[in-house]
Structure formats: C-alpha cells, structure tokens
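K.L.:
Attaching a single structure in structure tokens format; questions to follow.
Laboratory data are not the source of any read-out in this text; all were calculated from the coordinates shown. None of these values were measured; they are calculated from a predicted model. Neighbour counts are summed over all protein chains in view; Cβ atoms, including those assigned to glycine, are modelled from backbone coordinates with ideal geometry.
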Ligand SMILES: [Zn+2]
Ligand SMILES: [Zn+2]
C-alpha cells in the first residue's frame, strides 16, 4: 500500500509498505479516505521533528482523518459503544487514552498521561492507504457528511472543547485571536451562542473575511489595527468577558490578557512554536483573570457530528484545497507558504 513519510525537514516521500495484519480485539481496519493538514503537522514538516523527540525513523504524519471499515476485531465497539459494521465511514479521534488511570477514571481522558496519539511519534498517522485503529476512537459519519469533512470533525471537536471552557453567556463579549480553522470554528460557535460583540483577529485577509461571514461583529486584520486598542475602543475601555487565544504567536497571549475585562476569562488553545507562555504577571494579577489551558478534547465527536450533520456548521466551507496522497509533498509545501485562500487542505487517500 502507498504511504507518505516524513524523512526530515521539508522532506516527504511516497513509498510502499506492507498492508497491516488483521485487527485484534477492540480494533478495526480502515481504508483511509481523507486526511487533513494541521498547523502542528506543518511544524513537524518545518523542523523534521515529530513530537517531543527527533524521530529516529521516517514517520507517517496525519492525525485528522476518516476511513471506511474493512475488517472488525473481536468485540469492537465504536466511540458510542455501538457495534461496528463493515463499510461504515468513521471519523477518528486520534488520541488514545489508557482508560485505566486516575485522569481517565475521573472523566479526563484528554489528560491521560499514558495516551498515545496517531500521527505523533512513535505512533504513525493516517497518510497511508490502510490503518488499524482502536474501535472506541471511531465515530460513524452520517451520509450527509462528505469524506472531505471527516478530518474537520477533529478540528471542530477542539473548538467545542475550548468553547466549553469559555463559559460564554448570552450577550457576553468575546475575542478570538487567530482565525485558522480552529479560531474560525470557535468564532462560529461563539456567534451561535448569542454573544454581543465578537472580535476575531488574524493577519490573513481571507481568514478575516471568513470570520466576518461566520458571525464576528468585529473581524479585524492585525496589520491594520492594534487588537487591544480596537477592543478597548469598541467596549468603552471595559474589555471583553472572554478571550480565546487560538494563534501560534508568542505575543498573542499577552494581547488576549490585555483586552480582557477585570475578572475576565482567558482560554488558551494555540500552541506556541517556542514552547513558552509569555504573559505579564501584573496584568493577569490585577485583573484577577481566570486562565485555562484547553487540552485536546473530551467526548466531543458526537456533538461535532451533530452540528455538522444538522447544517448548523458547514464544514465544507473550510475545505479550500484537495490533493491526492501522491502529491503530499506539494500539498505541504503549498500550505507551508500559506498560499492565498488556504483554510484547510485535505489529502485524499482512497477508500
Ligand atoms: Zn491538529
Ligand atoms: Zn489514562
């Protein structure tokens, strides 16, 4: 079967590898349909580093994906604890918790210290034709959803989890920093929750336009304004109730803190490339901010699927580019340059 492997910085090659064996108990075999390309993938692509260590072998990227079930292991139940049939299309949560530790027992599988993760070293990802996954990580996709939207259910799950932390109330004011797919989905969810003023900031014009389309009352380009000043001016110096940081830049956490009201809530979703959280202590202290770091997601796939299937969120609108797996290197290079108009780039593998 075909597979796309990362050999080092900006070096992706298509190869063939052996097909996986039959799935064991609790597992399913998937024919991979589509794989999304994420900011964290681009970071690994840039550095050649996969996860916390330099990978010691060529590595298969891809953690946002869907596939079709071709074989079912003994006793395999899906993420809703329902039996699985061959031919079902599954969206897959890439995070595999142990289900047996303190965090898992307390209902925080997203914080499981023993978890593994498809597409993060040493667990190979989905940029290959076939793959064995845990059945419990699979969530059936209704017919209404196209293959291309499958990977975006992961992104929507991340956004839902962040929104859950935000405790947004009706008519509250919200700022979202960063309008990549996660920031845009957070914007959309916040607008659905009946917020009053909704600020979304980005430096790329097509993302700002999409944020406006998806309900931001103040969709602003950071190249044209000072985000903190813009919020303070529009809120008569009060600041917003909730600020959600969904960018990758180091100064954006500080900006988010400065645009919050006294007693406001800061939710951190973005992952800074230099692994540093830059926040002036006095700003957070004087305002008595509540700061929450959102880590992955919980059992959010069912809600993500519900929102997408009902048409409340049209994930198709974020699918801006499609490439065949044979063009993976080209796709990464294009996304890395943040070519005009890119929201989510989807790689099609097969079925
Ligand atoms: Zn991702
Ligand atoms: Zn655990």
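K.L.:
Using a Gaussian network model of the chain with C-alpha springs under 10 Å, which one of 178, 62, 75 is most mobile by mean-square fluctuation?
P.N.:
Checking each option, the largest mean-square fluctuation is seen for 75.
K.L.:
Let me ask you something else. At residue 169 and residue 251, where each label point lies 7 Å from the Cα along Cα→Cβ, what is the point-to-point distance in nanometres?
P.N.:
Inter-label distance under the simple model: 3.4 nm.
K.L.:
Just to be sure I understand: with springs between alpha-carbon atoms less than 10 Å apart, which residue in 250, 147, 202 has the highest mean-square fluctuation in the Gaussian network model of the chain?
P.N.:
Looking only at 250, 147, 202, the largest GNM fluctuation is found for 250.
K.L.:
Within a 10 angstrom radius of the beta carbon, how do 117, 59 rank from fewest other beta carbons to most?
P.N.:
Lowest count first: 117, 59.
K.L.:
Now a separate question. So for the pair residue 132, residue 206, with labels modelled 7 Å out along Cα→Cβ, what separation do we get in nm?
P.N.:
Reported label-point gap for residue 132 and residue 206 is 4.0 nm.
K.L.:
Then there is this: Using alpha carbons only, how many angstrom separate the centre of segment 268-345 from the centre of segment 90-129?
P.N.:
About 18 Å separates the Cα centre of segment 268-345 from the one of segment 90-129.
K.L.:
Let me ask another. Given the options 49, 261, 238, which has the most mean-square fluctuation in a GNM of the chain, springs set between C-alpha atoms less than 10 angstrom apart?
P.N.:
Its mean-square fluctuation being the largest, the pick is 238.
K.L.:
Next question. Between residue 105 and residue 299, what is 0.36 nm times their sequence separation minus the Cα-Cα distance? Round to one decimal in nm.
P.N.:
Using 0.36 nm per residue and subtracting the Cα-Cα distance, I get 68.5 nm.
K.L.:
If I take R0 = 56 Å and measure r between the Cβ atoms of residue 280 and residue 19 in this structure, what FRET efficiency does the formula 1/(1 + (r/R0)^6) give, to the nearest 0.05?
P.N.:
According to the calculation, E is roughly 0.55.
K.L.:
On to the next question. Let me have the 222 nm mean residue ellipticity of the chain computed from DSSP H runs of 4+ only, each contributing -39500 (n - 2.57), with the sum over all residues rounded to the nearest 500.
P.N.:
Mean residue ellipticity, 222 nm, calculated: -7500 deg cm²/dmol.
K.L.:
Take every Cα pair under 8 Å in the chain that's 6+ residues apart, average their separations, divide by the length, and report that relative contact order as a whole percent.
P.N.:
Answer for the chain is 18 percent.
K.L.:
Then there is this: Note down the nm distance, to one decimal, between modelled labels 7 Å out along Cα→Cβ at residue 9 and at residue 226.
P.N.:
About 3.6 nm separates the two model spin labels.
K.L.:
In percent, how large is the relative contact order of segment 158-293, given Cα pairs closer than 8 Å and 6 or more residues apart?
P.N.:
Computed over segment 158-293, the figure is 22 percent.
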